[in-house]
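The values are calculated or read from the model by the stated rules, or taken from the named source; none is laboratory data. Since this is a predicted model, take the numbers as computed values, not measurements. Cβ: placed from backbone, ideal geometry, glycine included. Neighbour counts: every protein chain shown.
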Amino acid sequence: MKMTPAQHRQAALDLATAEREAKAIPQLAGTFPGMDIDDAYAVQREAIAMRLAAGAKLRGHKVGLTSKTMQRSAGIDEPDYGHLLDDMFLADGDTLPAARFIVPRIEVELAFVLGRPLAGPDVTLFDVLRATDFVVPALELIDGRSMYPRTIVDNVADNAACGAVILGSHAFGPSEVDLRWVGAMLYKNAQVEETGLAGGVLGNPALGVAWLANRLARFDAVLQAGHVVLAGSFTRPVPVAAGDAIHADFGRFGSVACRFV
């Protein structure tokens, strides 16, 4: 690490201010020269600790940058992750105030709801399937609290850009289908914006969950029973603004929608 604990805390406070005021701050990589990936995760953990101390509850994690294209664009060779808190979750069909966010975009994902804990470092795809209670269609709203374009350290420090999570209401078992072939069409205002297959996430979205469990083992952290894991997007992010209606159609696996005002 090249930052001090005091700088980690200051960066976390700056990101919290940006989120509260819906106004992006300058890139942290510029404010704190030499900031590395370990610093970025330290900032993220500091920011989450502050939220938990204020009364928020941890409900899970998200995995990001799971496609090779996104990893190459970020200059990394592995995904990143963030935390999901209870106040980030919204209901299927909810209306969201666009002004609450800075640069809101929507991604299509599968959410794994765990029935038992997953502890790395040797978690496999099959461990994930056995530990998963059910899977549901999901939308992730990603947002940037520091200015774009930005480096991977800014994205990681900013809780992997997570802004909100919308879960669908149709659940299915992880062994009912080959998860690689679960597909979705993402509509914005009744027009198809993106399509994709869940296999775009590391070859199988369950591998995103396995990667996360193994990555968290470095910090003696465990994915808990009942927690939600967003396994990673299998579409490009779609920008949204006030007046937009979003609908993701997963075929026989359900759908999930939201609207912006």
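What to note about this one:
- Looking only at segment 127-145, and only at residues there that are assigned to a loop (DSSP other than H, G, I, E, B) and among the charged types (D, E, K, R), the one that is nearest to Met88 (Cα to Cα): Asp143
- Unique match (being modelled with pLDDT under 95 and either closer than 21 Å to Ala257 by Cβ or surrounded by 13 or more Cβ atoms within 10 Å (Cβ to Cβ) (or both)) among Gly120, Gly93, Gly82, Gly75: Gly120
- Exclusive hit being under 13 Å from Gly120 (Cβ atoms) and β-branched (Val, Ile, Thr), set Val209, Val238: Val209
- Residues located in segment 132-149, provided they are closer than 14 Å to Leu179 by Cβ and more than 16 Å from the chain's Cα centre (by Cα): Thr132, Phe134
- Count - residues of segment 163-195 that are at pLDDT 95 or above and either farther than 14 Å from Ala111 by Cα or among the aliphatic types (A, V, I, L, M) (or both): 22
- Residues of segment 30-63 satisfying the condition of being buried (at least 24 other Cβ atoms within 10 Å of the Cβ) and over 18 Å from the mean Cα position of the chain (by Cα): Met35
- Residues (part of a strand (DSSP E or B), under 19 Å from the mean Cα position of the chain (by Cα) and closer than 26 Å to Ala257 by Cα) located in segment 186-231: Leu186, Glu194, Thr195, Gly196, Leu197, Val228, Val229, Leu230
- Per the conditions (1) without any contact (Cβ under 8 Å) to a residue 12 or more places away in the chain; (2) crowded, with 21+ Cβ neighbours inside 10 Å, the sole criterion not satisfied by Phe234 is (1).
- Boolean, Gln7 is at pLDDT 95 or above, surrounded by 17 or more Cβ atoms within 10 Å (Cβ to Cβ), within 17 Å of Phe219 (Cβ to Cβ) and of a type outside the set (A, V, I, L, M, F, W, C): no
- Against the list (1) assigned to a strand (DSSP E or B); (2) aromatic (Phe, Trp, Tyr); (3) more than 15 Å from Gly60 (Cβ to Cβ), the condition Tyr148 fails is (1).
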